[in-house]
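Below: the structure, in structure tokens.
The values are calculated or read from the model by the stated rules, or taken from the named source; none is laboratory data. Nothing here was measured: the structure is a model prediction, and the numbers come from that model. Using ideal geometry, Cβ is built from the backbone for each residue, glycine included, and neighbour counts are taken over all protein chains shown. Accessible surface areas use protein heavy atoms only, side chains included; no ligands, DNA or RNA. Shrake-Rupley method; radii C 1.70, N 1.55, O 1.52, S 1.80 Å.
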Amino acid sequence: MKYFFYLIVFLTVLISHVDAQDYDWARHDSLVKAGIDQIYGIQFEKAENTFDIVIKEYPTHPSGKFFKAMITWWRILLKLEDESLDDEFIEQLEEVIDICDRILDKNKNNRDALFFKGGAVGFRGRLLGIREKWLKAAFDGKEGLELLYRFYKADPQNPDVQFGFGIYHYYAEVIPEKFPAVKPFMIFFPNGDREKGLSELEYVALKGRYARIESRYFLMTLNFQFEENMDETRKWASILLADYPNNPNFQKYYGLTFVKENRYDKASEIFRDIYSKCVRGMQGYNDYYKREASYYVGLNYKNTNNIDSAIYFFKISENLSRKLDKDEESGFLINTVLYLGMLYDLKGDRQQAIKYYREALTMRERSNSHKLAEQYLKKPYGK
């Protein structure tokens, strides 16, 4: 059910013109494009400066405020377990909605206001869904879809409008199939069409103007999470990384395609680069990525029987998990504790191995972790 929020995602970031304003729209578009590139490139300070200029030079247009909120969104996305920026993000989106409502009070068909209000409502719903506030998320989804249809009626030839339709059509079919608990919410929505949704997203990924990158991002994630098509995931991740090589989210998905295929040697190359960027303190490469990167590098060393190197990286992942895990232990910590027990057995340090096996038994069960810990307590791993 945690993926239900995708049903209500609606971001179509077309920039047109606010009626009756004598603005330099070529400069506006140039600034917005530059700022969007800075967001995806994880250059948040530069993006802040760019959109401050947009807000100053185009004060009645919602784009500057909207994309300032998108900077906050990417900060949340890079540390999704951390809720400290949620309130700030919601406040930013509601400010965008207020600006759009003032425009719509004068012209109910203003395309910019419809687009950016739909985007703000959609992202608010997306965050609410991530935080499992399903009813509020569903209401935002319904409102966002209505705004999408209103924009389509006003400008049916716009290629970026297909982004919102593509997300909706895909997830409206896929999510209820995978998560039956979501089905009651679907009485509020039209039927979905998975293949149509994929086609629409691919069209925007190639032809879109402002929603092109976001379409590529969704194609990468849905192919990984739902289609389980690692070739397609890798294709879109590679395209994204060609433009944004220092986006840890894009890089992580690229690496995980090889994990899914049990190609840990190749995965380790990618996660070692992520780890290096974390150590160097590159923007966005935080402790969550360092924890994951050190885990997969350690796993590759374990699989190739490099015991000391495996222990070194697993200990880094272990310490970071103990710092980051809040409500319950993560899968990273459970696996790491079990693997460290196994590695210490191979190293001949039975006392340390027993310590880790016993700790594994105090944690929640994950992939037979209790059974394996009990087995290795009775007989050392590798004997």
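The combined condition, being open to solvent by 30 Å² or more (accessible area, probe 1.4 Å) and over 17 Å from the mean Cα position of the chain (by Cα), is fulfilled by LYS266.
Counting only residues that are touching a helix residue (DSSP H, G or I) at 6+ places or on another chain (Cβ under 8 Å) and open to solvent by 40 Å² or more (accessible area, probe 1.4 Å), which one in the stretch 317-335 is farthest from PHE271 (Cα to Cα)? Residue satisfying both the conditions and the ranking: GLU329. Of the residues making up the stretch 120-135, those that are of a type outside the set (Val, Ile, Thr) and in contact (Cβ under 8 Å) with a residue 40 or more places away in the chain are ALA120, GLY122, PHE123, GLY125, ARG126, LEU127, LEU128, GLY129, ARG131, GLU132, TRP134. Residues that are open to solvent by 40 Å² or more (accessible area, probe 1.4 Å) and in a helix (DSSP H, G or I) within the stretch 336-353 comprise TYR339, LEU346, LYS347, ARG350, GLN351, GLN352, listed in sequence order. If you go through the stretch 87-110 and pick out every residue that is more than 12 Å from PHE123 (Cβ to Cβ) and in a helix (DSSP H, G or I), you end up with 13. Looking at this structure, is PHE258 open to solvent by less than 20 Å² (accessible area, probe 1.4 Å), in a helix (DSSP H, G or I), closer than 22 Å to LEU80 by Cα and in contact with a Lys or Arg (Cβ under 8 Å, 6 or more places away or on another chain)? No; evaluated as a whole, the condition is false for this residue.
From the list ALA138, ALA154, which one is among the hydrophobic types (A, V, I, L, M, F, W, C), in contact (Cβ under 8 Å) with a residue 60 or more places away in the chain and farther than 24 Å from ILE42 by Cα?
ALA138
Within the stretch 213-254, restricting attention to residues that are among the charged types (D, E, K, R), in contact (Cβ under 8 Å) with a residue 40 or more places away in the chain and surrounded by fewer than 23 Cβ atoms within 10 Å (Cβ to Cβ), which residue is nearest to ILE39 (Cα to Cα)? Looking at the filtered set, the residue picked out is ASP243.
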